[in-house]
Amino acid sequence: MQDDCLFCRMASGAMDVPKLLDWPDLFVIRDINPRAPAHCLVIPRRHIPTMDDVRDEHGPILARMCQAASEAAKIEGIFDRGYRVAFNVRGDSGMTIFHLHMHVVGGRKLGPEG
Ligand SMILES: [Zn+2]
């Protein structure tokens with residue numbers, strides 16, 4: 001937990017936000033600035049700054065994040081038609097909150113990369 005981290009504050013309950021999924025090890029919220037009709041964020045409760053900081057020990061939480069992305073896609077009604085998951089990593093990616101999170105995007109035909 002890092003007090004200055006927005007997602008850590010959401011994870012601890014210090015900041016209350018509507019959660020699409022609220023699991024012991026992760027939670028899912030809707031992006032406040034969606035880039036598609038459906039756009040969710042899968043966020044592990046444990047603070048991992050970026051994908052570059054992922055180590056072997058994080059394997060289980062990454063698997064759980066994939067499962068949560070599937071569940072979120074079902075809740076958002078985009079599971080059957082397909083969707084995209086993505087990690088942004090620093091700099092040019094536009095990453096703004098340095099706490100690992102997976103974007104789940106869909107609900108329209110997506111371009112090759114965005
Ligand atoms: Zn954090």
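The values are calculated or read from the model by the stated rules, or taken from the named source; none is laboratory data. All values derive from a computational prediction rather than experimental measurement. Counting neighbours? That spans all protein chains shown, and the Cβs are built from the backbone with ideal geometry, glycine included.
Hey, any hits in the stretch 44-51 for a residue that's surrounded by fewer than 12 Cβ atoms within 10 Å (Cβ to Cβ) and charged (D, E, K, R)?
Start the filter on the stretch 44-51 by keeping residues that are surrounded by fewer than 12 Cβ atoms within 10 Å (Cβ to Cβ), which leaves none.
No, because not a single residue in the stretch 44-51 is surrounded by fewer than 12 Cβ atoms within 10 Å (Cβ to Cβ) and charged (D, E, K, R).
Of all strands (runs of 3 or more DSSP E) completely enclosed by the stretch 1-111, which ones contain at least 1 residues that are over 14 Å from the mean Cα position of the chain (by Cα)?
Numbers: elements: 26-30, 38-44, 83-86, 102-106.
By residue number, no strands (runs of 3 or more DSSP E) qualify.
Identify, by number, the condition in (1) within 16 Å of the ligand (Cβ to nearest atom); (2) touching a residue at least 60 places away in the same chain (Cβ under 8 Å); (3) not charged (D, E, K, R) that residue 58 doesn't meet.
Looking at each condition in turn, residue 58 falls short on (2).
If you check residue 102 against the conditions, is it within 16 Å of the ligand (Cβ to nearest atom), under 23 Å from residue 3 (Cα atoms), at pLDDT below 95 and not charged (D, E, K, R)? Full working, then the answer.
Values: within 16 Å of the ligand (Cβ to nearest atom): yes; under 23 Å from residue 3 (Cα atoms): yes; at pLDDT below 95: no; not charged (D, E, K, R): yes.
So residue 102 fails the test.
Those residues that are hydrophobic (A, V, I, L, M, F, W, C), over 11 Å from residue 46 (Cβ atoms) and either surrounded by 13 or more Cβ atoms within 10 Å (Cβ to Cβ) or within 10 Å of the ligand (Cβ to nearest atom) (or both), I need them from the stretch 6-16; list them, please.
As a first pass, look at the stretch 6-16 and keep what is hydrophobic (A, V, I, L, M, F, W, C): 6-8, 10-11, 14-15.
Of the ones still in play, those that are also over 11 Å from residue 46 (Cβ atoms) are 6, 10, 14-15.
Once the filter is applied, which keeps residues that are hydrophobic (A, V, I, L, M, F, W, C), over 11 Å from residue 46 (Cβ atoms) and either surrounded by 13 or more Cβ atoms within 10 Å (Cβ to Cβ) or within 10 Å of the ligand (Cβ to nearest atom) (or both), the stretch 6-16 yields 6, 10.
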